[in-house]
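Some notes on the structure that comes next.
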Amino acid sequence: MSSRGGADREPESEEGARVIPLRPELAAAPEPAPPEPGTELERRLADVLAFLRRRITGDYEIDEFGFDQELTDSVLLPPLRPLYEKWFRVEAVGLHHVPSEGGALVVANHSGTLPLDALMTTLAVHDEHPARRHLRMLAADLVFRLPVIGPLARKAGHTLACHPDAERLLRSGELVGVWPEGYKGIGKPFRDRYKLQRFGRGGFVSAALRTGVPIIPCSIVGAEEIYPKIGDIRPLARLLGLPYFPVTPLFPLLGPLGAVPLPSKWYIEFGEPIPTSGHDPGGADDPMLVFNLTDQVRETIQQTLYRLLSQRTNVFLG
């Protein structure tokens, strides 16, 4: 029988084994309290209400081109992410070639019947670049004539593909994107996939020369296969005021269902910048210099496309 009093007795387990108390410094820290139910939902709801209040009261900013950054980040970009991440499974490489600040001109190949390649490139720059930059696209005038789409394009920061607008954006330090093949690229037949069309007269090179910003070639693989264009109903295109009315294996045969893009695997590669600051701004009026730089950009994109295609084993699996 122990001679110590009950107050001095060491605790015992249910089996009678002695339990040695932990020293305070070795005691486990208390687990953090779980978040209260509904906290995350309440925060999201508060954010939505705050957003709506700012829209109603006009407490938000737009630039001279109509770019509404808050609307773009909160409303316009989120619906594109499932396409980018789950449907096309885009892999973007070479983003370290895109500067974190200051003006630069991204020049990419164009394809796919509908301009989803431009939207996916915009999302790649915003979501995967450390600086989360917005790519200000130069678009054809048809885009801004379309109901709903035109105003939304302005809100997203895009503008008409013309010299004055391009140079104003570049001089103000914006990242600008251009797809110089235009309708010739996006609407070309499937048999001509990944064959670059003419780059116009090199207007994008002139804008880069006048502002001294680098040109970043961008090559996109995967967009050619989303809507394989095998025909064109030209009378209907003229009636609707469109550059073409595409026929694909699924559209218009399957109606709206045929408008769902095929889930091809995409790669977007940003190449090494081509500097223009070493040239005199007056070089923008030198046809030979503009032609040579345009050809250099086009050839860089074409060779990168060939390399990416040679590494691809399957259109849908990559």
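The values are calculated or read from the model by the stated rules, or taken from the named source; none is laboratory data. Predicted model only: the values in this text are computed from it and were never measured. So basically every Cβ, Gly included, is an ideal-geometry build from the backbone, and we count neighbours across all protein chains shown.
Tally up the residues in region 249-274 that are free of Cβ contacts under 8 Å to residues at least 40 places away in the same chain and either buried (at least 17 other Cβ atoms within 10 Å of the Cβ) or assigned to a loop (DSSP other than H, G, I, E, B) (or both), please.
Start the filter on region 249-274 by keeping residues that are free of Cβ contacts under 8 Å to residues at least 40 places away in the same chain, which leaves 249-260.
When the remaining residues are screened for being either buried (at least 17 other Cβ atoms within 10 Å of the Cβ) or assigned to a loop (DSSP other than H, G, I, E, B) (or both), the result is 249-254, 260.
Final tally of qualifying residues: 7.
Hey, among 63, 73, which residue is assigned to a loop (DSSP other than H, G, I, E, B) and either modelled with pLDDT under 95 or more than 25 Å from residue 212 (Cα to Cα) (or both)?
Going through 63, 73 in turn, just one is assigned to a loop (DSSP other than H, G, I, E, B) and either modelled with pLDDT under 95 or more than 25 Å from residue 212 (Cα to Cα) (or both): 63.
Within region 56-63, can one find any residue that is surrounded by 15 or more Cβ atoms within 10 Å (Cβ to Cβ), in contact with a helix residue (DSSP H, G or I) (Cβ under 8 Å, 6 or more places away or on another chain) and not β-branched (Val, Ile, Thr)?
No - not one qualifying residue is present in region 56-63.
What pairs come up if the first residue lies in region 293-318 and is of a type in the set (D, E, K, R), the second is buried (at least 18 other Cβ atoms within 10 Å of the Cβ), and their beta carbons are under 7 Å apart, counting only those six or more places apart or on different chains?
298/196; 298/199; 312/221
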